[in-house]
Amino acid sequence: MILAVCGGKGGVGKSTTAFNLAALLDAVVVDGDLAMADLPTARGPDFHDVLAGRASAVEAVREDGPVRILPCGRSLAGARACDLGRIEAALAAVEDEYGRVVVDCPAGLNAAVGAPLAAADACVLVTTPAPAALADALRTRELARELGSGLAAVALNRAKENECDSRESYERAFGGPVVLIPDCSAVAVAGARGVPVVLSRPDAVASEAFRRLAARVQSSAR
């Protein structure tokens, strides 16, 4: 299974969601943000090298952290050297080796988002309740439809209690299940340590929400 975590708007929590889902699904998380990588880095070849033809995708996977990760470089030269046409084969190679792949997609609706979506079996859309974020997530939903990536769930990040009353309207708008991810200080603390909150604080309210989201993803894959 290849799962794309996307949403259009930057800063809505895509990387955090991808990191925690990978931990819960026993997947490799791929940092697909070629220009502004946000997941933990590691020594050795990275996704820039893979997409430039300098390394294989499998040899670039790091297994020595809390989550297996295919990290991405952070240099402008590395980003410029990437051939987006290699993304689908790279993700397929990681899937063949490890079984499950979660791709942290960049913001926007460009080819760097479209390529992982086209390769993915399903996607998780991440948004906040802010109108601009919702509008961008809906545009990403349309792109996913065009590329044949089914919607596993929508993660409504930084949701407040009153958002529960609007869940049905969100589900109608997106055409899929919505999981509320509440604000939780433990998420930032875990992220600063480079650890998913579901591992460092499994009792946190956000961890419970991420487990519900992972359950949605698993049920959609059956």
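The values are calculated or read from the model by the stated rules, or taken from the named source; none is laboratory data. These numbers come from a predicted model, not from an experiment. Neighbour counts are summed over all protein chains in view; Cβ atoms, including those assigned to glycine, are modelled from backbone coordinates with ideal geometry. Surface accessibility is based on the protein's heavy atoms, side chains included, excluding ligands, DNA and RNA. Shrake-Rupley method; radii C 1.70, N 1.55, O 1.52, S 1.80 Å.
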Problem set entry | Residue list for the range 175-219, filter: closer than 24 Å to residue 135 by Cβ, open to solvent by 50 Å² or more (accessible area, probe 1.4 Å) and in a helix (DSSP H, G or I) | 216
Exercise. Which members of the range 51-66 meet the condition of being outside any loop (DSSP other than H, G, I, E, B) and touching a helix residue (DSSP H, G or I) at 6+ places or on another chain (Cβ under 6 Å)?
Worked result: 51
Problem set entry | Hey, residue 147 open to solvent by less than 40 Å² (accessible area, probe 1.4 Å), at pLDDT below 95 and not charged (D, E, K, R) or not | no
Problem set entry | Residue that is least open to solvent (accessible area, probe 1.4 Å), among those in the range 59-76 that are free of Cβ contacts under 8 Å to residues at least 24 places away in the same chain and under 15 Å from residue 30 (Cβ atoms) | 60
For this session: Quick one: which residue in 133, 144 is within 20 Å of residue 219 (Cα to Cα), touching a strand residue (DSSP E or B) at 6+ places or on another chain (Cβ under 7 Å), in contact (Cβ under 8 Å) with a residue 40 or more places away in the chain and part of a helix (DSSP H, G or I)?
Result: 144
For this session: Please enumerate the residues belonging to the range 105-133 that are open to solvent by less than 30 Å² (accessible area, probe 1.4 Å), of a type outside the set (S, T, N, Q) and more than 16 Å from residue 32 (Cα to Cα).
Result: 133
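Would you check if residue 79 is over 18 Å from residue 104 (Cα atoms), in contact (Cβ under 8 Å) with a residue 24 or more places away in the chain and of a type in the set (A, V, I, L, M)?
Details: over 18 Å from residue 104 (Cα atoms): no; in contact (Cβ under 8 Å) with a residue 24 or more places away in the chain: yes; of a type in the set (A, V, I, L, M): yes.
Criteria not met by residue 79.
Report, by residue number, each residue of the range 155-164 that is in contact (Cβ under 8 Å) with a residue 60 or more places away in the chain, open to solvent by less than 70 Å² (accessible area, probe 1.4 Å) and out of contact with any helix residue (DSSP H, G or I) (no Cβ under 6 Å at 6 or more places or on another chain). First the steps, then the outcome.
Residues of the range 155-164 in contact (Cβ under 8 Å) with a residue 60 or more places away in the chain: 155, 157-158.
Filter again for open to solvent by less than 70 Å² (accessible area, probe 1.4 Å), leaving 155, 157.
The one that is in contact (Cβ under 8 Å) with a residue 60 or more places away in the chain, open to solvent by less than 70 Å² (accessible area, probe 1.4 Å) and out of contact with any helix residue (DSSP H, G or I) (no Cβ under 6 Å at 6 or more places or on another chain): 157.
Only one residue in 172, 167 is more than 25 Å from residue 2 (Cβ to Cβ), open to solvent by 40 Å² or more (accessible area, probe 1.4 Å), in a helix (DSSP H, G or I) and modelled with pLDDT of 90 or more, so which one is that?
Numbers: 167 fails: modelled with pLDDT of 90 or more.
After applying the criteria, what remains is 172.
So, in the range 1-49, of the ones that are in a helix (DSSP H, G or I) and open to solvent by 10 Å² or more (accessible area, probe 1.4 Å), which residue ends up farthest from residue 132 (Cα to Cα)?
Filtering first and then ranking leaves 49.
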